[in-house]
1. Can you classify region 1-64 as rounded, prolate or oblate using the Cα gyration tensor, where a ≥ b ≥ c are the square roots of its eigenvalues, rounded means a/c under 1.5, and otherwise it's prolate if a/b beats b/c and oblate if not?
2. Enumerate by residue number the trypsin sites (Lys or Arg not before Pro) in region 9-95 meeting two conditions: DSSP loop (anything except H, G, I, E, B), and at most 10 other Cβ atoms within 10 Å of the site's Cβ.
3. Longest exposed-loop-site-free stretch of the chain, with GluC sites (Glu not before Pro), DSSP loop and at most 12 other Cβ within 10 Å?
4. Could you tell me whether region 1-146 comes out rounded, prolate or oblate from its Cα gyration tensor? Rule is a ≥ b ≥ c as square roots of the eigenvalues, rounded for a/c under 1.5, then prolate if a/b exceeds b/c, otherwise oblate.
5. From the Cα gyration tensor of region 85-159, with a ≥ b ≥ c the square roots of its eigenvalues, which class applies: rounded if a/c is under 1.5, or else prolate if a/b is larger than b/c, or else oblate?
6. Taking only pairs that are 8 or more places apart or on different chains, how many Lys pairs in the chain have Cα atoms under 19 angstrom apart?
7. Between LEU2 and HIS116, with labels modelled 7 Å along Cα→Cβ, what's the label distance in nm to one decimal, could you check?
8. Keeping every protein chain in place, order SER95, SER80 by accessible area at 1.4 Å, biggest value first, i.e. largest first.
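The values are calculated or read from the model by the stated rules, or taken from the named source; none is laboratory data. Quantities reported herein were computed from a predicted structural model and do not represent experimental measurements. Don't worry about glycine lacking a Cβ; one is built from the backbone with ideal geometry, like all the others, and counts go over all protein chains shown. Heads up: the accessible areas ignore ligands, DNA and RNA and are worked out on the full protein's heavy atoms, side chains in. Shrake-Rupley method; radii C 1.70, N 1.55, O 1.52, S 1.80 Å.
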Amino acid sequence: LLKCIQDEIKRGEFYRRKHKASGVELCMRENKITGLLHFILNDRKLFRLVEKITGCAIGSFIGRVYRMRPGLNHYHEWHSDLSYRRVLGVSINLSTEVFQGGSLQLRNLKTGKLVHEVANTGFGDMIVFRIDQGLQHQVCRVQGTVDKIAYAGWFHSQPNYIFPLKSNLSRLKKIAST
């Protein structure tokens with residue numbers, strides 16, 4: 001499954017995306033792979049497993065595929081993702097080669113002290129981290145010659161899985177037609 005996803009990403013179309021306050025990346029236009037990943041991450045059995053591990057109630061998942069290229073000033077500076085009832089952040093490594101840099105860092109908002117850092121260079125590996133008022137996170141710049149490609153998103157406490165489908169019906173119709 002990972003190889004199939006990686007092969008489709010190679011054919012995917014990416015556009016430059018600037019986030020309001022936190023960074024710049026290349027974001028993959030929605031297609032059948034983003035639809036498949038959305039479907040996989042909205043599995044109720046996965047919700048129950050993640051709830052058991054984290055203690056967070058989960059009602060839905062929404063994400064995107066992004067690419068960070070070395071030398072193009074792609075980054076995500078310190079931010080919190082506190083909105084839309086997000087409770088957990090997720091990053092799944094979809095790269096086909098080991099990249100350098102691009103690590104996820106978590107820090108205490110009050111003290112500014114680094115709490116944790118992880119590079120997530122294992123192919124298909126997923127990082128799950130808490131979205132909390134006392135924490136911020138960032139993704140460091142990628143170095144070397146290899147792109148970082150990831151599926152990043154959020155587990156939400158609400159709404160349930162049906163709400164994102166209804167609110168994004170036109171996007172889903174477009175995905176289904178590709």
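1. oblate
2. The qualifying sites are LYS20.
3. Segment 14-96 is the longest.
4. In terms of gyration-tensor shape, oblate.
5. Oblate, because a/c is 1.5 or more while a/b does not exceed b/c.
6. 9
7. Distance between the two pseudo-spin positions: 2.0 nm.
8. Output order, biggest surface exposure first: SER80, SER95.
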